[in-house]
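Student: Handing you this structure, nothing more for now.
The values are calculated or read from the model by the stated rules, or taken from the named source; none is laboratory data. Quantities reported herein were computed from a predicted structural model and do not represent experimental measurements. Note that each Cβ is placed from the backbone with ideal geometry, even for glycine, and that neighbours are counted across all protein chains shown. Note: areas computed on protein heavy atoms with side chains; ligands, DNA, RNA excluded. Shrake-Rupley method; radii C 1.70, N 1.55, O 1.52, S 1.80 Å.
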Amino acid sequence: MRQLLSLLAAAWLLAGCGQPAPWRQESYVFGTRVELLIAGMPEAQARAAGDRVLREFDRLHRSYHAWQPSELSALNEAIAAGRSHEVSAEFAGYIREAQAVAAAGDHLFDPGIGRLIALWGFQTDDIQPRLPDAAAVKALVAQHPSIADLGATQGQCPEPRSGEPKSPPSGRGSGGWCVTSRSNSVAIDFGGYLKGVALDRAAASLKRDGVANALVNIGGNVMALGTRDGAGTPWRIGIQHPRPQTAGGAPLATLELKDGEAIGTSGDYHRYFEVNGRRYCHLLDPRTGFPADATQAVTVLIAPGASTGMRSDALSKPIFIAGREWRGMAKKLGVDAVLRVGADGTVSATPAMQARLKIEVPDLKLEVVP
């Protein structure tokens, strides 16, 4: 069954004693809890800025939902029917960016495997403990569905041949981008990408509204702006232990986030089910069609820069799925700061991450991997 206690996911705010509390607003979007904290400005101004962020989150959630009617599901329906489909410039941009991210990680994380995710029963709000038909999984894997199969070109889609239905345009404005697919087995699922995009959108929106100090937490994908009090006190967050019962409910570690940094965690405790005592998580290995099982959790810390939020979300996935080869994948992706908990509970970190961590679990042995 799904572990509801994991809604806080990988990180949460750790309040400082004696400091003025930031203004806080919470919501539930992208299938997880969203927490927004803004410091150093009047509540009315903070509330207005926060409301704009949450409205944008809701728009992104509705526009790119994988299993409810949306712009994304309309494209998936067209792909399955072998049709081209017109999308917005925004949607086309996300497809192209996700293609580049997937290619950089050898497609271990591939948003084009939506049909495989659905086959495992993870495209639902009510996950059931039920294994898919093994033959169906094998047949789908043999088709190698990938977001790389999609092409997005500017301009309207050509008129369909006589007797073929025409896909209605989707997206904001007039569309203007035509998406085609080499394979009708492709279905997009932005579940491991969109939360990071939302972090970047939130940061841009807050800055436009004059917010210099904020923390945005989307189910454990966290971005920091400025400081907690606007006077130099850093935002301090905790990284959840993937097996909290072994840590007495305490975080695995804590760290201070600097201005513009983002942190993201992929864990086998977010969305999963158990059958006969074995855990099956939503992080699927496209090579096998089965959930990756060599890792409990991976946390990455991303420096300020272009698409920091998106990278914090998307880049933790191929490192998680790479299993024992996680360090090589992190180097390939240019991610210097990584914390990993293996399937056997072994905790490892790169030197860059180890230097930032304060381990909170007594007697925990941390292996530093160069």
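Student: For the range 321-329, does any single residue satisfy the condition of being touching a residue at least 24 places away in the same chain (Cβ under 8 Å) and under 16 Å from the mean Cα position of the chain (by Cα)?
Tutor: Quick first cut of the range 321-329, residues touching a residue at least 24 places away in the same chain (Cβ under 8 Å) only: 321-324, 326-327, 329.
Subset that is under 16 Å from the mean Cα position of the chain (by Cα): 321.
Among the residues of the range 321-329, at least one is touching a residue at least 24 places away in the same chain (Cβ under 8 Å) and under 16 Å from the mean Cα position of the chain (by Cα), which makes the answer yes.
Student: Further question on the same structure: From the set of residues in the range 60-72 that are aliphatic (A, V, I, L, M) and within 19 Å of Phe122 (Cα to Cα), which is least open to solvent (accessible area, probe 1.4 Å)? Quick ask: steps written out before the conclusion?
Tutor: In the first step, residues of the range 60-72 are kept if they are aliphatic (A, V, I, L, M); the result is 60, 66, 72.
Adding the requirement that they be within 19 Å of Phe122 (Cα to Cα) leaves 66, 72.
On the way: Ala66: 19, Leu72: 0 Å².
Result: Leu72.
Student: Working only within the range 48-59, note down all residues that are touching a residue at least 40 places away in the same chain (Cβ under 8 Å), within 17 Å of the chain's Cα centre (by Cα) and surrounded by fewer than 21 Cβ atoms within 10 Å (Cβ to Cβ). First the steps, then the outcome.
Tutor: Narrowing the range 48-59 to residues touching a residue at least 40 places away in the same chain (Cβ under 8 Å): 48-49, 52-53, 56-57.
Filter once more, so that each one left must be within 17 Å of the chain's Cα centre (by Cα): 56-57.
Passing the criteria: only Glu56.
Student: Looking at Gly328, is it surrounded by fewer than 17 Cβ atoms within 10 Å (Cβ to Cβ) and in a loop (DSSP other than H, G, I, E, B)? Working first, answer last.
Tutor: Working: surrounded by fewer than 17 Cβ atoms within 10 Å (Cβ to Cβ): yes; in a loop (DSSP other than H, G, I, E, B): no.
Answer is no for this residue.
Student: May I pose another question? If Pro160 satisfies all but one of (1) in contact with a Lys or Arg (Cβ under 7 Å, 6 or more places away or on another chain); (2) at pLDDT below 95; (3) crowded, with 18+ Cβ neighbours inside 10 Å, what's the number of the condition it fails?
Tutor: (3)
Student: Search the range 223-250 for residues that are closer than 14 Å to Tyr269 by Cα and pair each with any residue that is of a type in the set (Asp, Glu) and assigned to a loop (DSSP other than H, G, I, E, B) when their beta-carbon atoms are under 9 Å apart and the residues are at least 6 apart or on different chains.
Tutor: Ile239/Glu360; His241/Glu360; Pro242/Asp268
Student: Please determine, by comparing only the residues of the range 87-142 that are among the charged types (D, E, K, R) and within 17 Å of the chain's Cα centre (by Cα), which one is modelled with the lowest pLDDT.
Tutor: Within the range 87-142, the subset among the charged types (D, E, K, R) is 90, 96-97, 106, 110, 115, 125-126, 130, 133, 138.
Okay, now just the ones that are also within 17 Å of the chain's Cα centre (by Cα), so 96-97, 110, 125.
Numbers: Arg96: 98, Glu97: 98, Asp110: 98, Asp125: 89.
Per the stated criteria, the residue is Asp125.
Student: Still on this structure, please answer the following. Quick one: in the range 16-47, which of the residues that are of a type in the set (Asp, Glu) and open to solvent by 30 Å² or more (accessible area, probe 1.4 Å) is farthest from Ala212 (Cα to Cα)?
Tutor: We begin by selecting, within the range 16-47, every residue of a type in the set (Asp, Glu); these are 26, 35, 43.
Cutting the leftovers down to open to solvent by 30 Å² or more (accessible area, probe 1.4 Å) gives us 26, 43.
Working: Glu26: 19, Glu43: 14 Å.
If we take residues in the range 16-47 being of a type in the set (Asp, Glu) and open to solvent by 30 Å² or more (accessible area, probe 1.4 Å), then Glu26 is farthest from Ala212 (Cα to Cα).
Student: Yes or no: Arg236 basic (Lys, Arg) and modelled with pLDDT of 95 or more? Give the steps one after another, and end with the answer.
Tutor: On the way: basic (Lys, Arg): yes; modelled with pLDDT of 95 or more: yes.
It is true that Arg236 is basic (Lys, Arg) and modelled with pLDDT of 95 or more.
Student: In the list Ser183, Ser174, which residue meets the criterion of being within 26 Å of Gly82 (Cβ to Cβ) and either at pLDDT below 95 or of a type in the set (Lys, Arg) (or both)? Step through it out loud before you land on a result.
Tutor: Values: Ser183 fails: either at pLDDT below 95 or of a type in the set (Lys, Arg) (or both).
After ruling out the rest, the residue left standing is Ser174.
Student: Still on this structure, I have one more. Considering only the range 60-72, how many residues are in contact (Cβ under 8 Å) with a residue 24 or more places away in the chain and assigned to a helix (DSSP H, G or I)? Working first, answer last.
Tutor: Of the residues in the range 60-72, the ones in contact (Cβ under 8 Å) with a residue 24 or more places away in the chain are 60-61, 63-64, 66-67, 71-72.
With the extra rule that they be assigned to a helix (DSSP H, G or I), the set shrinks to 60-61, 63, 71-72.
Counting residues in the range 60-72 that are in contact (Cβ under 8 Å) with a residue 24 or more places away in the chain and assigned to a helix (DSSP H, G or I) gives 5.
Student: Right, something else. Output the residues belonging to the range 354-370 that are open to solvent by less than 60 Å² (accessible area, probe 1.4 Å) and farther than 13 Å from Leu301 by Cα.
Tutor: Passing the criteria: Ile359, Glu360, Val361, Leu364, Leu366, Val369.
Student: Name the residues in the range 271-316 that are within 25 Å of Glu97 (Cα to Cα), among the small types (Gly, Ala, Ser) and not in a strand (DSSP E or B), would you?
Tutor: Listed by number, the residues that qualify are Gly289, Ala292, Ala303, Gly305, Ala306, Ser307, Gly309, Ser312, Ala314, Ser316.
Student: Another question, then. From Pro286, Pro304, Pro351, Pro318, which residue is in contact with a helix residue (DSSP H, G or I) (Cβ under 9 Å, 6 or more places away or on another chain) and open to solvent by 20 Å² or more (accessible area, probe 1.4 Å)?
Tutor: Values: Pro304 fails: in contact with a helix residue (DSSP H, G or I) (Cβ under 9 Å, 6 or more places away or on another chain); Pro351 fails: in contact with a helix residue (DSSP H, G or I) (Cβ under 9 Å, 6 or more places away or on another chain); Pro318 fails: open to solvent by 20 Å² or more (accessible area, probe 1.4 Å).
Criteria check complete, one pass: Pro286.
Student: Could you say which residue among Ser63, Ser27, Ser70 is of a type in the set (S, T, N, Q) and in contact with a Lys or Arg (Cβ under 7 Å, 6 or more places away or on another chain)? Please lay out each step first, then the result.
Tutor: Details: Ser63 fails: in contact with a Lys or Arg (Cβ under 7 Å, 6 or more places away or on another chain); Ser27 fails: in contact with a Lys or Arg (Cβ under 7 Å, 6 or more places away or on another chain).
Residue meeting the stated conditions: Ser70.
Student: Also, quick follow-up: Wholly within the range 169-270, which strands (runs of 3 or more DSSP E) include no fewer than the required count, namely at least 2 residues that are open to solvent by 10 Å² or more (accessible area, probe 1.4 Å) and hydroxyl-bearing (Ser, Thr, Tyr)? Let's see the steps before the verdict.
Tutor: On the way: elements: 177-181, 214-218, 221-225, 235-239, 253-257, 262-267.
By residue number, 177-181.
Student: Can you find even one residue in the range 73-96 that is assigned to a loop (DSSP other than H, G, I, E, B), open to solvent by less than 40 Å² (accessible area, probe 1.4 Å) and in contact with a His (Cβ under 9 Å, 6 or more places away or on another chain)?
Tutor: Initially, the range 73-96 is screened for residues assigned to a loop (DSSP other than H, G, I, E, B), giving 81-84, 88.
Those still in the list that are open to solvent by less than 40 Å² (accessible area, probe 1.4 Å) too: 84, 88.
Adding the requirement that they be in contact with a His (Cβ under 9 Å, 6 or more places away or on another chain) leaves none.
Within the range 73-96, not a single residue is assigned to a loop (DSSP other than H, G, I, E, B), open to solvent by less than 40 Å² (accessible area, probe 1.4 Å) and in contact with a His (Cβ under 9 Å, 6 or more places away or on another chain).
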